[in-house]
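Peer 1: I'd like to ask some things about the structure below.
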Amino acid sequence: MTRRFRSILFLSALLLVASAVAGVAQPRLGRAADTPARKTITVTGNGTITTVPDRAAFDFSVTSQAATAKAALAKNAAEAAAVIAALKNAGIATADLQTGQVSLNPQFNQAGTDVVGYTAANTVSAKTTIAKAGSIVDAAVDAGANGVSGPSLSRSDSSALYRDALKNAVADAGEKAKALAAASGLALGRVQVIVEGAQSSPPIPFASKDAAASSTPIEPGTQEIDATVTVTYDAS
């Protein structure tokens, strides 16, 4: 067998192998190219629960002045203790009282060169029901609190109400997805992804029937607990 003939046989064998490989790979490439893109519908659903706050939180501060730092702090400690005792006597549980800040600062003359005294301050936060809120403010001020901040209003069952708002948001998302599917001629499939988001609205004041019962009226208003979800559905 001549060298030229052997070379021809070798080249023929290579061509046959290449043809076989191409024949196997080509159908796979064809199937991949023919696979349709997955269809989905993504919507955002919103749910809202409107409620009336039943809890209020306040910050009560006591500020005291004296010639020395020690005297200012001692005076402030006694005055703050009186406010805390008054809050407890008014019905605030120990678990609902928390010291927020204790401070002591020098006071300077107008030129800012000499210390002329010291100011001490103590702030305590108190949580209570809306029904007791006005009387709590009165009790703290009567006992010596010279600073009041609040109220911060909330619901004691806010977690349960938020879960209800989530259910409403999912239902809203479903209705939107159905409308989009119908408008685009698609059939709505199963839920694939749900992403949660939430936001609470500030209280909206309204007239309270119990306002006249307290010397310091506290209006609970209404509060909206909002929930937002983004849902992705299969579609076909």
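Peer 1: Within the range 158-193, how many residues turn out to be exposed (fewer than 13 other Cβ atoms within 10 Å of the Cβ) and under 30 Å from Val124 (Cβ atoms)?
Peer 2: So the count comes out to 2.
Peer 1: I'd like the full set of residues that are among the charged types (D, E, K, R) and over 14 Å from Val141 (Cβ atoms), limited to the range 67-94. Walk me through it before giving the result.
Peer 2: Here is the first cut: in the range 67-94, the ones among the charged types (D, E, K, R) are 70, 75, 79, 88.
Correct list: Lys70, Lys75, Lys88.
Peer 1: Out of Ala37, Ala77, which single residue is at pLDDT below 95, over 30 Å from Asp157 (Cα atoms), open to solvent by 20 Å² or more (accessible area, probe 1.4 Å) and not in a strand (DSSP E or B)?
Peer 2: Numbers: Ala77 fails: at pLDDT below 95.
Selected residue: Ala37, the only one of Ala37, Ala77 that is at pLDDT below 95, over 30 Å from Asp157 (Cα atoms), open to solvent by 20 Å² or more (accessible area, probe 1.4 Å) and not in a strand (DSSP E or B).
Peer 1: Please find, within the range 145-157, the residue that is surrounded by the fewest Cβ atoms within 10 Å (Cβ to Cβ) out of those that are in a loop (DSSP other than H, G, I, E, B) and touching a residue at least 40 places away in the same chain (Cβ under 8 Å).
Peer 2: Filtering the range 145-157 down to residues in a loop (DSSP other than H, G, I, E, B) leaves 145-146, 155-157.
This time we only want the ones that are touching a residue at least 40 places away in the same chain (Cβ under 8 Å), so: 145-146, 155-156.
Details: Ala145: 26, Asn146: 14, Arg155: 19, Ser156: 12.
Step by step, filter the range 145-157, then rank; the result is Ser156.
Residues are listed down the side, and each one gets a yes or a no for (1) over 19 Å from Ala66 (Cα atoms); (2) not aliphatic (A, V, I, L, M):
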{"position": "Ala85", "(1), (2)": "yes, no"}
{"position": "Ala90", "(1), (2)": "yes, no"}
{"position": "Thr123", "(1), (2)": "no, yes"}
{"position": "Gly134", "(1), (2)": "yes, yes"}
{"position": "Ala140", "(1), (2)": "yes, no"}
{"position": "Leu161", "(1), (2)": "yes, no"}
{"position": "Asp164", "(1), (2)": "yes, yes"}
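Peer 1: Let me ask something else about it. Here is a list of conditions, (1) under 17 Å from Pro151 (Cα atoms); (2) modelled with pLDDT of 95 or more; (3) open to solvent by 40 Å² or more (accessible area, probe 1.4 Å); (4) not small (Gly, Ala, Ser), and Thr128 meets all of them except one; can you say which number that is?
Peer 2: For Thr128, the failing item is (3).
Peer 1: Criterion first (within 30 Å of Val229 (Cα to Cα) and in contact with a Gly (Cβ under 9 Å, 6 or more places away or on another chain)) does Leu153 satisfy it?
Peer 2: Working: within 30 Å of Val229 (Cα to Cα): yes; in contact with a Gly (Cβ under 9 Å, 6 or more places away or on another chain): yes.
Considered against the rule, which asks whether it is within 30 Å of Val229 (Cα to Cα) and in contact with a Gly (Cβ under 9 Å, 6 or more places away or on another chain), Leu153 comes out as yes.
Peer 1: Scan Val62, Val102, Val52 and give me the residue that is under 24 Å from Gln223 (Cβ atoms) and either hydrophobic (A, V, I, L, M, F, W, C) or surrounded by fewer than 17 Cβ atoms within 10 Å (Cβ to Cβ) (or both).
Peer 2: Details: Val62 fails: under 24 Å from Gln223 (Cβ atoms); Val102 fails: under 24 Å from Gln223 (Cβ atoms).
Exactly one residue qualifies, and that residue is Val52.
The values are calculated or read from the model by the stated rules, or taken from the named source; none is laboratory data. From a predicted model like this one, the values you see are computed outputs, not experimental measurements. Cβ coordinates were reconstructed from backbone atoms using ideal geometry, including for glycine residues, and neighbour counts include every protein chain displayed. For the accessible areas, the whole protein counts, side chains as well, though only heavy atoms, and no ligand, DNA or RNA atoms are used. Shrake-Rupley method; radii C 1.70, N 1.55, O 1.52, S 1.80 Å.
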